[in-house]
Amino acid sequence: GESVGLHLPTLSVQEGDNSIINCAYSNSASDYFIWYKQESGKGPQFIIDIRSNMDKRQGQRVTVLLNKTVKHLSLQIAATQPGDSAVYFCAEDRDNYGQNFVFGPGTRLSVLP
Amino acid sequence: DVKVTQSSRYLVKRTGEKVFLECVQDMDHENMFWYRQDPGLGLRLIYFSYDVKMKEKGDIPEGYSVSREKKERFSLILESASTNQTSMYLCASRASSGGVNEQFFGPGTRLTVL
């Protein structure tokens with residue numbers, strides 16, 4: 001079935017380095033994707049989104065890249081800080097109506113001092 | 001500041017009990033969602049509602065029901081709780097208009113069924 005998955009369950013990076021979190025999706029017709037951040041004890045929080053008519057979108061210290069050819073999504077965090085430690089999820093809008101998202105299992109990012 | 005609240009952060013129930021999880025949003029959003037979150041599985045959609053008294057099944061509706069009597073409130077009901085329903089439950093809401101698909105999440109309810 002259709003699914004969204006992550007290549008790595010955990011990622012450790014040195015403070016100040018850049019982080020790259022990856023995600024694979026299987027529905028080539030999906031039009032919209034979101035990255036969420038979930039800190040311990042909290043619900044997921046929106047970071048950035050991208051539509052399929054774009055290859056790249058930048059936010060504050062974050063960039064999302066979309067490669068539709070290989071159905072791959074990545075989240076890049078520049079100059080990673082201790083506050084970036086969290087679990088990161090990608091989510092795919094299955095029906096393109098914003099009602100039915102499928103979430104990946106998540107990647108835990110740990111920032112080392 | 002947008003806000004989604006859930007009635008309990010932690011809940012312990014016994015097998016066979018009827019359990020109510022309540023979610024309230026103050027953003028006048030049309031759409032509301034219930035997910036469960038389990039390690040290694042991410043978030044899985046149980047039910048969602050796009051309007052008052054309307055509901056749609058998600059990926060794993062078995063063993064659950066929902067109620068949306070008022071726009072701001074979406075309840076998840078476990079008719080007869082079982083141990084495999086021990087999980088983190090997350091509620092979310094989203095507006096229907098404005099081209100924004102972001103879902104706003106509550107803090108979650110960690111349910112343990114003994």
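Side notes on the structure shown:
- The residues of segment A:79-113 that are within 14 Å of chain B (Cβ to nearest Cβ) and over 15 Å from B:Asn101 (Cβ atoms), listed by number, are A:Ala86, A:Val87, A:Tyr88, A:Gly104, A:Pro105, A:Gly106, A:Thr107, A:Arg108.
- Among residues of segment A:33-63, those that are under 16 Å from A:Gly106 (Cβ atoms) and either more than 13 Å from chain B (Cβ to nearest Cβ) or in a loop (DSSP other than H, G, I, E, B) (or both), counted: 6
- Verdict on A:Thr69 being surrounded by 13 or more Cβ atoms within 10 Å (Cβ to Cβ), away from chain B (no Cβ under 14 Å), out of contact with any His (no Cβ under 9 Å at 6 or more places or on another chain) and free of Cβ contacts under 8 Å to residues at least 24 places away in the same chain: no
- Under the condition of being in contact with a Phe, Trp or Tyr (Cβ under 9 Å, 6 or more places away or on another chain) and under 18 Å from B:Leu43 (Cα atoms), the residues counted in segment B:61-73 number 4.
- So A:Gln76, is it away from chain B (no Cβ under 14 Å) and either without any contact (Cβ under 8 Å) to a residue 40 or more places away in the chain or open to solvent by 20 Å² or more (accessible area, probe 1.4 Å) (or both): yes
- Residues in segment B:59-74 that are surrounded by 19 or more Cβ atoms within 10 Å (Cβ to Cβ) and not basic (Lys, Arg): 3 in all.
- Those strands (runs of 3 or more DSSP E) of segment B:24-114 in which 3 or more residues are at the interface with chain A (Cβ under 10 Å from one of its Cβ atoms) occupy B:31-38, B:42-49, B:87-94.
- Residue match in segment B:84-104 (condition: within 16 Å of B:Tyr10 (Cα to Cα) and out of contact with any Leu (no Cβ under 9 Å at 6 or more places or on another chain)): no
- Where A:Ile48 falls short, out of the listed (1) crowded, with 19+ Cβ neighbours inside 10 Å; (2) free of Cβ contacts under 8 Å to residues at least 60 places away in the same chain; (3) closer than 26 Å to B:Phe33 by Cα: (1)
The values are calculated or read from the model by the stated rules, or taken from the named source; none is laboratory data. A quick note: this is a predicted structure, and the numbers were derived from the prediction, not measured. Here the Cβ is made from the backbone with ideal geometry for all residues, glycine too, and neighbour counts use every protein chain on show. Ligands, DNA and RNA are excluded from the accessible area calculation, which covers all protein heavy atoms including side chains. Shrake-Rupley method; radii C 1.70, N 1.55, O 1.52, S 1.80 Å.
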